[in-house]
Amino acid sequence: MQNFFYDNLLLVPAVAFVFSVMVKWVFSIIKNWKLDLSVALWSWGMPSAHSAVAVSLATAIAIKHGIWSDLFAISMAFTVIIIYDAINVRFEAWLHATAINKYIWEKKFRESLWHLPSEAFAWSLLWIIVAVWLYYL
């Protein structure tokens, strides 16, 4: 049995990326009551598009090549780095932006940069489900 998405493995993270951008647009519409297409270019906010790409690709590689393959080990290492960045490094950037904004008495730097660990975990589960769903499609 052939699977179009798993024969063309890069389509799995591409679908997850598009889905994450669409969800971000929906959240933006609900919050702001207007359609803002620039949301697709945001590198902050949930869901995290870069985490969606990393988690879905690692899941697809695990399904196609197995969890003991070198490809999965490499993709998992990069996924951990990306999610670590989304949670920790961006948290530090938020702390810096908040402090700088406080001392210059105006909001020049975006403060909402980081993701909570619970958000990263919950959305990662969704990207795993998307990758598994594409396998059985």
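The values are calculated or read from the model by the stated rules, or taken from the named source; none is laboratory data. Keep in mind the model is a prediction, meaning the values are calculated, not measured. Because the Cβ atoms are built from the backbone with ideal geometry, glycine has one as well, and the counts that use them run over all protein chains shown.
Here are a few things to note about the model shown:
- Selection of segment 99-116 for residues being loosely packed, with under 13 Cβ neighbours inside 10 Å and modelled with pLDDT of 75 or more yields ALA99, LYS102, TYR103, ILE104.
Conditions tested, residue by residue: (1) over 17 Å from the mean Cα position of the chain (by Cα); (2) closer than 17 Å to TRP123 by Cα; (3) modelled with pLDDT of 70 or more; (4) in a loop (DSSP other than H, G, I, E, B).
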{"residue": "VAL15", "(1), (2), (3), (4)": "no, yes, yes, no"}
{"residue": "VAL18", "(1), (2), (3), (4)": "no, yes, yes, no"}
{"residue": "TRP44", "(1), (2), (3), (4)": "no, yes, no, yes"}
{"residue": "PRO47", "(1), (2), (3), (4)": "no, yes, yes, yes"}
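- Residue in segment 68-81 that is in a helix (DSSP H, G or I), modelled with pLDDT under 90, at negative phi and surrounded by 13 or more Cβ atoms within 10 Å (Cβ to Cβ) present: no
- Contact map, segment 76-98: residues that are within 21 Å of ILE128 (Cβ to Cβ) paired with residues that are exposed (fewer than 14 other Cβ atoms within 10 Å of the Cβ) and of a type outside the set (Asp, Glu), Cβ distance under 6 Å, separation 6+ or inter-chain. Pairs shown: ILE87/PRO117.
- Residue satisfying all of: in segment 123-137; among the aromatic types (Phe, Trp, Tyr) and within 13 Å of the chain's Cα centre (by Cα); modelled with the lowest pLDDT among these: TRP123
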